[in-house]
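The values are calculated or read from the model by the stated rules, or taken from the named source; none is laboratory data. Everything numeric in this text was worked out from a predicted model, so none of it was measured. Here the Cβ positions follow ideal geometry from the backbone for every residue, glycine too, while neighbour counts run over all protein chains shown. Ligands, DNA and RNA are stripped out before the accessible areas are found, and what is left, the full protein with its side chains, is counted by its heavy atoms. Shrake-Rupley method; radii C 1.70, N 1.55, O 1.52, S 1.80 Å.
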Amino acid sequence: MTDTKKLTKRAFLKTAGVATAATGASALAAPAVLGQSPIKWRLQTYAGVALAEHVVKPAIDAFNKVANGEMVIELYTADQLVPTGELFRAMQAGTIDAVQSDEDSMAAPVDVSVFGGYFPFATRYSLDVPVLFNQYGLKEIWEEAYSEVENVTWLSAGSWDPCHFNTTKPIRSLEDLKGLRVYTFPTAGRFLTQFGVIPVNIPYEDAEVAVQTGELDGMAWSGITEDYTVGWADVTKYFLTNNITGAWIGSFFANSERWNEVPEHLQTLFRLCMDSSHYYRQWWYWGGEANLRVNGDKLELTSIPDSEWNQVVKAAETFWGEVAAESDRSKRVVEILKKYAGVMEKAGPPYRCV
């Protein structure tokens, strides 16, 4: 018998450039133009299978359809090709071509990474994110930051859902936060530790089982829409209506060499599809958060009184100051956040409710 060359799963994927047959893979193909080989990308999202169906797959499906065989993007879900914490380096090295994630989760080596994901009280509503990037200067700061990183191009930021606790134990006071072991994002966890929360870092797909086995008491990772969509509402009992941030900030990124190989018209098409993805999430989350609070039958709603929760809001002011002192660029971001918050508060309802 001839020897068979053994390849690891990841090496095979890198060599063959095809979607894995593992559960959750989405090999999104389009017919090739006669006589031409299509450009092929592998894009990995931070999201698991069920969540990816909403936060990225519709946009990628649309891109592949309209690209008409000139380019095909193969979509992979959380940890499928590489662990989320290695996404940035894998993209930089060209192991994967593009990423949808927040900087915080994948440890992007830029000072603005602390603002990706859930930066405490930086946003109150999902529309805050595109306004901050497109009207208040965050887009230019992000472009500046990533211009200093070799072979990675930041493409676009958008908003996701607010950050709430869903837990196996009820939370009705700040005292109830003490000792809670929760799956959350690095910066959110860093902020919440002062209230006794214990952040636990595990792979995304392991979070549900970790709650069932008692390793976790819950999550501070999403809003109620995701709790129901990904199955977390099936293993937790309570949903805290107070949130530490009104919208998650996530982005699309690409390997710079691969991005520069894409013709301008396909780059434009991809930008349009990113905008489509941002728009989809705006209404999907906004409607879902309200609907499931009212009509959801799996999670009991609890609240911490404003008189207590204001301590958390106040603590965020100190936290912002600490982050601002870390770099000049971080200071500029915090100044923009303060300016924006001031405008929204002066504008009053519906921009900010008192």
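None of Ser327, Ser303, Ser277, Ser307 is in contact with a strand residue (DSSP E or B) (Cβ under 8 Å, 6 or more places away or on another chain) and over 18 Å from Thr236 (Cβ atoms) except Ser277. A single member of Ser303, Ser276 is surrounded by fewer than 18 Cβ atoms within 10 Å (Cβ to Cβ), in contact (Cβ under 8 Å) with a residue 12 or more places away in the chain and more than 20 Å from Asn166 (Cα to Cα), and it is Ser276. A single entry from Leu301, Leu292 fulfils the requirement of being farther than 19 Å from Lys139 by Cα and assigned to a helix (DSSP H, G or I): Leu292.
Just give me the residues in region 163-192 being within 19 Å of Ala47 (Cα to Cα) and open to solvent by 10 Å² or more (accessible area, probe 1.4 Å), in sequence order. Residues satisfying the conditions are Tyr183, Thr184, Pro186. Among the residues making up region 92-111, those that are small (Gly, Ala, Ser) and under 19 Å from Arg271 (Cβ atoms) are Ala98, Ser101.
Among the residues of region 202-244, write down those that are under 15 Å from Leu299 (Cα atoms) and modelled with pLDDT under 95. Passing the criteria: none in range. Just to verify a result, which residue in region 232-273, among those that are closer than 26 Å to Phe319 by Cβ and of a type in the set (Ser, Thr, Tyr), is surrounded by the most Cβ atoms within 10 Å (Cβ to Cβ)? For region 232-273, the residue satisfying everything is Thr245.
Of the residues making up region 281-300, those that are farther than 12 Å from Ser126 by Cα and surrounded by 14 or more Cβ atoms within 10 Å (Cβ to Cβ) number 6.
Table: residues versus (1) at pLDDT below 75; (2) charged (D, E, K, R); (3) closer than 18 Å to Asn255 by Cβ.
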| residue | (1), (2), (3) |
| --- | --- |
| Phe12 | yes, no, no |
| Ala32 | yes, no, no |
| Leu43 | no, no, yes |
| Ala59 | no, no, no |
| Asn64 | no, no, no |
| Glu74 | no, yes, yes |
